[in-house]
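Colleague: One structure follows; several queries about it will come next.
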């Protein structure tokens, strides 16, 4: 696979991150912890939902979502989703045809143009618009509901994301479980029970200094 490049960041640019994260959420029958273990065991983040301007159409592909929120601000996402997740370098995602989403605000000319292209392509799954639609959100007020999530700094990738145990840049795990997680993965390696993750662990509620001490010792 050809390596694709992304712009560099600077250590002093604390508003930017070279990483994206995927948090696991609680589902009907599993906790966010259980779903995190499932992802790590299968080495795959499953695309379960459609997103973006084409989310209401069967032709639009399902996606996996990430966030590039700076790591010392992950508490914003953890408060909403839970304390477990996985982080990758941005270039890892870009090399797999992922990237940051764009915004076309409700009823702006470019939002209306994209909607028109989507309507014209319903029933044609080969239309190139379905490659664009998942990466363009249309924030606005829709009936009694508001849809504004720019603060998530979202990235997406179409389809499932499969990875090797050496690919994650770090795992997101509550600090009190770091030692237990390390022991768990060491046992998995020794007993050949599954993948063993040797990447760093970070807590989503850590400060910038705590995150940097682990990721950039």
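The values are calculated or read from the model by the stated rules, or taken from the named source; none is laboratory data. Computed from a predicted model, the values in this text were never measured in an experiment. Every residue, glycine as well, gets a Cβ built from its backbone with ideal geometry; the counts of neighbours run over all protein chains shown.
Colleague: I need the full set of residues from the range 79-90 which are under 13 Å from the mean Cα position of the chain (by Cα) and assigned to a helix (DSSP H, G or I), in order please.
Modeller: 81, 90
Colleague: Mind checking which residues of the range 84-97 are surrounded by 15 or more Cβ atoms within 10 Å (Cβ to Cβ) and touching a strand residue (DSSP E or B) at 6+ places or on another chain (Cβ under 7 Å)?
Modeller: Across the range 84-97, the qualifying residues are 84, 85, 86, 87, 88, 89, 90, 93, 96.
Colleague: Further, regarding this structure: Given the residues 23, 92, which is the only one that is in contact with a helix residue (DSSP H, G or I) (Cβ under 6 Å, 6 or more places away or on another chain) and under 23 Å from residue 206 (Cβ atoms)?
Modeller: On the way: 92 fails: in contact with a helix residue (DSSP H, G or I) (Cβ under 6 Å, 6 or more places away or on another chain).
Result of the check over 23, 92: 23.
Colleague: So, one more: Condition first: part of a loop (DSSP other than H, G, I, E, B) and in contact with a strand residue (DSSP E or B) (Cβ under 8 Å, 6 or more places away or on another chain). Now tell me which residues in the range 1-46 satisfy that.
Modeller: Selection gives 18, 24, 43, 46.
Colleague: Is one or more of the residues making up the range 48-55 surrounded by 17 or more Cβ atoms within 10 Å (Cβ to Cβ), farther than 28 Å from residue 207 by Cβ and out of contact with any strand residue (DSSP E or B) (no Cβ under 6 Å at 6 or more places or on another chain)?
Modeller: Residues of the range 48-55 that are surrounded by 17 or more Cβ atoms within 10 Å (Cβ to Cβ), as a first pass: 50-54.
Remaining after also requiring farther than 28 Å from residue 207 by Cβ: 50-54.
Filter again for out of contact with any strand residue (DSSP E or B) (no Cβ under 6 Å at 6 or more places or on another chain), leaving 54.
So far as the range 48-55 goes, yes, one or more of its residues are surrounded by 17 or more Cβ atoms within 10 Å (Cβ to Cβ), farther than 28 Å from residue 207 by Cβ and out of contact with any strand residue (DSSP E or B) (no Cβ under 6 Å at 6 or more places or on another chain).
Colleague: Quick check, is residue 19 at pLDDT 95 or above, under 12 Å from the mean Cα position of the chain (by Cα), under 30 Å from residue 115 (Cα atoms) and surrounded by 15 or more Cβ atoms within 10 Å (Cβ to Cβ)? I'd like the intermediate steps shown before the answer.
Modeller: Numbers: at pLDDT 95 or above: yes; under 12 Å from the mean Cα position of the chain (by Cα): yes; under 30 Å from residue 115 (Cα atoms): no; surrounded by 15 or more Cβ atoms within 10 Å (Cβ to Cβ): yes.
No, not satisfied.
Colleague: Another question, then. Which one of these is free of Cβ contacts under 8 Å to residues at least 24 places away in the same chain, surrounded by 15 or more Cβ atoms within 10 Å (Cβ to Cβ) and farther than 18 Å from residue 136 by Cα: 73, 30?
Modeller: The unique qualifying residue is 73.
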